[in-house]
Each structure stands twice: as C-alpha cells, then as structure tokens.
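Notes follow the structure.
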Amino acid sequence: MDWYYAVGDQQIGPISKAELQALIKTKKINAHTRVWRAGMKDWQELGRLVKETDPTPSAITPGSGRSRQAQCSECGKSFALDDMIRFGESWVCAACKPLFVQKFKEGLTVAGTMDYAGFWIRFGAKFIDWIIIGGISFIMFIPLGFVMGAAARSSSSTIIAVLIQLLNWVIPAVYATWFVGKFGATPGKMACRIKVVTAANQRVSYPRALGRHFAEMLSSIILFIGYIMAAFDDQKRTLHDRICDTRVIRR
Ligand SMILES: [Zn+2]
C-alpha cells in the first residue's frame with residue numbers, strides 16, 4: 001500500500017511502507033507528521049496512527065482469538081496477533097519488537113517530547129546574557145582604558161582601540177560557543193531553564209554553537225526580524241535556528 005506524508009503544505013508520495021519506516025528511522029518524519037494512504041478517510045498524525053488498536057483486515061489471516069495471525073513487517077514471519085504490536089497497518093513480532101520500538105521512539109523524541117521555548121522567555125534569557133557580557137567587557141576594558149589613557153598620543157593607543165573592537169566580537173562569540181557547546185545553554189538560558197538542541201534533540205557541538213552565534217548576528221542586523229520569526233514558527237525557530245537546524249526547548 002502506498003503512503004503519502006505532508007511537509008508543511010506539501011504532500012509527498014507515494015512511497016512504500018518500507019520507505020515510510022526508513023523515514024521514521026532516519027528521523028526525517030516524526031509522530032506529528034501527517035500521513036495518508038488510500039482507504040483512509042483523512043490525513044492522520046503518524047503517532048496517532050500507531051496508537052490505534054483496531055486491526056486492519058488486509059494484514060490479518062482470517063480466524064479468531066489466538067489463531068488470528070499476521071506477518072511481521074520486520075522479519076516477514078507469521079505470528080499470532082496477541083504476540084504482536086501494530087504499526088499502522090503492519091504488525092511487528094515479539095522478537096522484532098524491542099528494536100522496532102527503539103527505532104520508533106527515536107523518531108518520536110523529535111516532536112513528541114520537545115517543549116519549544118517561546119519568544120518572551122528567550123528574550124528574557126538574552127537580556128540576562130547581555131548584562132553578563134556587558135559586565136565581562138566592562139571589567140576587561142577598565143585596565144585597557146587606563147593603558148590607553150597613559151599611552152594617549154602614541155601608536156599603542158590605536159592598537160588598544162583595535163583590541164577593544166576585537167574583544168567586542170570575541171567575548172560574545174566565546175561566551176555563546178563555550179556555554180552552548182559545553183552545557184547546551186548560556187547562563188541566561190540556564191536561568192530561564194531553556195536550552196539549545198539540534199532538531200533531533202541532541203547536544204549542540206562547539207562548531208555548531210559558534211556557527212549559531214554568527215547566524216544570530218544575521219538575525220539581529222536585519223532589524224531583529226530573525227528573532228521575531230520565532231513568534232510565527234510552529235517550532236518557535238528563529239532565523240539562526242533555521243540556519244543551524246537547532247531548536248530552543250524548555251528543560
Ligand atoms: Zn519479526
């Protein structure tokens with residue numbers, strides 16, 4: 001039976017059941033993905049389809065009770081329905097079940113358990129980070145200011161001015177990269193109990209954290225439109241979340 005699935009307004013398919021399962025396995029689709037196949041009245045969320053318990057006649061050998069059998073979609077052998085679990089219109093045997101459930105759960109984590117953090121909580125976190133970065137910069141610039149004052153007319157004052165400019169870039173970049181790479185959150189985000197993860201709810205690597213920091217600059221130079229985008233996104237993604245394929249979730 002051919003399946004179709006929806007990404008945004010786009011309906012993709014037909015694909016085979018095996019292809020559909022492969023998509024779940026590779027986390028391309030998840031429990032919230034709407035799917036449809038011939039014979040279904042409406043599009044349905046994949047997660048709901050799996051929870052459904054009424055048996056589908058096509059996969060089942062006629063009979064009743066324990067004599068009713070179905071073919072395992074993983075290993076292809078026939079087993080009694082009582083010993084199997086159902087996935088859409090296919091069945092999985094007891095032996096294949098642990099691995100299958102594991103695969104499916106991995107797919108489900110993506111949408112099932114992620115609680116996306118909204119615009120205002122993220123703004124609050126950002127505000128705290130601004131204060132902290134401002135404090136760090138202030139402390140570092142005081143001695144530089146003294147040196148600059150002392151060296152007023154020499155060429156070293158230019159060097160110090162350049163150094164301050166440089167630090168204005170480096171401090172926020174190191175701050176964001178180190179905290180997000182190591183803890184998944186900056187102190188501001190920790191205080192607001194939110195964190196940055198990948199689309200698959202995994203830890204963000206240091207390179208991705210650094211990339212996200214620079215992508216975030218893009219979000220702010222376009223009049224903060226990159227941030228405001230979060231308010232209109234179903235997964236509350238900002239522009240830099242989209243560029244780096246990250247999400248901000250509540251802990
Ligand atoms: Zn099996």
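The numbers here are math on the coordinates, done by the rules we state, and not lab data. What you see is a predicted model; the values in this text were computed from it and never measured. Note that we place each Cβ from the backbone using ideal geometry, even for glycine, and neighbour counts take in every protein chain shown.
Using just its DSSP H runs of length 4 or more, each adding -39500 (n - 2.57), the chain gives a mean residue ellipticity at 222 nm of -15500 deg cm²/dmol after division by all residues. The count of lysine pairs in segment 119-250 that are at least 8 places apart or cross chains, and whose C-alpha atoms lie under 14 Å apart, stands at 4.
Panel order for VAL101, VAL196, VAL35, VAL7, by other beta carbons found within 10 Å of each beta carbon, from fewest to most: VAL7, VAL101, VAL35, VAL196.
Counted by neighbouring Cβ atoms within 10 Å, the residues SER219, SER78 run from fewest to most as SER78, SER219.
Summing charges over all other residues whose Cβ lies under 10 Å from the Cβ of ARG237, with Lys and Arg as +1 and Asp and Glu as -1, gives -1.
Looking at the chain alone, DSSP beta bridges between its own residues are antiparallel in about 95 percent of cases.
The phi torsions of segment 156-164, fed into the Karplus equation with coefficients 6.51, -1.76 and 1.60 and a -60° offset, translate into couplings of 5, 5, 5, 4, 5, 4, 5, 4, 5 Hz, rounded to whole numbers, with Gly and Pro shown as x. The alpha carbon gyration tensor of segment 185-251 gives principal lengths a ≥ b ≥ c with a/c below 1.5, which makes the shape rounded.
Amide H to amide H distances under 5 Å link ILE194 with ARG251, where only residues 5 or more positions off or on other chains count and H is placed in the peptide plane.
Rounded to the nearest 10 degrees, the inclination of helix 206-221 to the longest alpha-carbon principal axis of the chain is 70 degrees.
Sorted fewest first by neighbouring Cβ atoms within 10 angstrom, MET148, MET40 come out as MET40, MET148. Could you work out the local net charge near ALA95, counting Lys and Arg as +1, Asp and Glu as -1, over the other residues with Cβ closer than 10 Å to its Cβ? Value of the local net charge: 0.
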